[in-house]
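Heads up: the structure comes next, in structure tokens.
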Amino acid sequence: MIHTNAALTPRHRLKVAQLVVDEHWPISEVAARFQVSWPTVKRWVLRYKAGESMQDRSSRPYSSPHKTDVKTTQRCIMLRLRLREGPVQLAYRLGIAASTVHRILRSAHLNRLSYTDRATGEPIRRYEHDHPGSMLHVDVKKLGNIPDGGGWCYVGRRQGEKHRAATPGKPRSKHSNPLMGKACVHKVIDDHSRVAYAEVHDDETAVTAASVLIRAVEWFAARGIIVERVLSDNGGAYRSNPWRETCTRLGVTHRRTRPYRPQTNGKVERFHRTLADGWAYARCYTSEAERREQLNSWLHYYNHHRPHTACNHQPPFSRLINLPDQYT
């Protein structure tokens, strides 16, 4: 990297040295031509004669006698992962300055507790597949259905209970209305682009999950994305024969997360909260049917217009090019 105040680029430094060494120009004349001092010209001439690079040298000192030793650095990192304490507390334990602890943690990318897993204390290893369709994340999120008139989150618990009692069909009843139970939102999200597909059903059975996967693969294919792999948790629907047969028929490789490690499927887990904040509980719906009708329009907003931090604050569809409905 060229120094901010450098008068010559590496190409001009080489030219300066060649004029003096190879073409025998006087140093003073070359300095006047390139508007630099004669010591500057002499410096690059000497480096050229020695066969050295014309790039800037590192400003790092040859020796650092007061540098923190490796043992202390390793112990600092180990205590951070095990105790999850801050620089002040770790500095007291190690007998060094808090600023030194902060520098060590920054070098190890552990200076923020959000960079480590809460359960294990291990550093979070983020990944992203290099092209759309390389990996799809799938999962199901269950939401309480909204009774006619509105749920308790907006109208209050007392009024919400009245609406639920007045809505035809009661939960856990033999002839209950399915809209009074749980809404199972089947979500599919592309690892690279974060483009999402979702459907709402009244169950999370293997047949329903397999049907959603078929339609999702077709939906992505219509947008130029060929699905190669799919990642799910260890739910019963994803360990069933219908799911396995569907993946085989579609030519999709199925992978499952490690048990009790939802972080592995973190992209779709994070999408749960985005979906809840942006659609499921975004406003007061007067019925479950009204909320379900709004899902497709919200997905269009999410895919085409909503800025996404993982996409450099652009919508997910910005990572897919030459699509007919990309900017609609």
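Any read-out appearing in this document is the output of simple, stated calculations on the displayed coordinates, not a laboratory observation. Please read all numbers here as calculations on a predicted model, not as lab measurements. Here the Cβ positions follow ideal geometry from the backbone for every residue, glycine too, while neighbour counts run over all protein chains shown.
Quick notes on this structure:
- Distance between the C-alpha centres of segment 36-103 and segment 195-215: 53 Å, rounded to the whole angstrom.
- Note on segment 10-49: dipole from Cβ charges, positive end direction compared against Tyr48, Leu19, Trp38; the farthest Cα belongs to Tyr48.
- Dipole size of segment 70-115 about its Cα centre, with +1 on Lys/Arg Cβ and -1 on Asp/Glu Cβ: approximately 80 debye, rounded to the nearest 20.
- Computed P(r) (all Cα pairs; segment 38-105; 5 Å bins; percent): 3, 14, 20, 12, 8, 6, 7, 8, 9, 8, 4, 0
- In this simple spin-label model, placing a label point 7 Å from the Cα along the Cα-to-Cβ direction at both Arg244 and Lys42 gives a separation of 8.1 nm.
- FRET efficiency, Arg93 to Asn312 (Cβ-Cβ, R0 41 Å, nearest 0.05): 0.55
- Calculated P(r) tail over 14 Å for segment 70-115, as whole % of Cα pairs: 35 percent
- Neighbourhood net charge (14 Å Cβ-Cβ; Lys/Arg +1, Asp/Glu -1) for Tyr48: +4
- The 3J(HN,Hα) values that the Karplus relation (6.51, -1.76, 1.60; θ = phi - 60°) gives for segment 72-82 are, in residue order, 5, 4, 5, 5, 4, 5, 5, 5, 4, 6, 7 Hz. Gly and Pro appear as x.
- The 3J(HN,Hα) values that the Karplus relation (6.51, -1.76, 1.60; θ = phi - 60°) gives for segment 221-227 are, in residue order, 5, 5, 10, x, 10, 9, 7 Hz. Gly and Pro appear as x.
- Computed about its Cα centre, the charge dipole of segment 256-309 is approximately 400 debye, with only Lys, Arg, Asp and Glu carrying charge at their Cβ.
- Alpha-carbon centroid distance for the pair segment 280-310 / segment 216-251, whole angstrom: 24 Å
- Whole-Hz Karplus values for segment 137-146 come out as 9, 10, 5, 10, 10, 9, 10, x, 5, 8 Hz, taken residue by residue from phi with 6.51 cos²θ - 1.76 cosθ + 1.60 and θ = phi - 60°; glycine and proline positions read x.
- Residues Gln263 and Tyr62, FRET efficiency given R0 of 45 Å [Cβ-Cβ distance, rounded to 0.05]: 0.55
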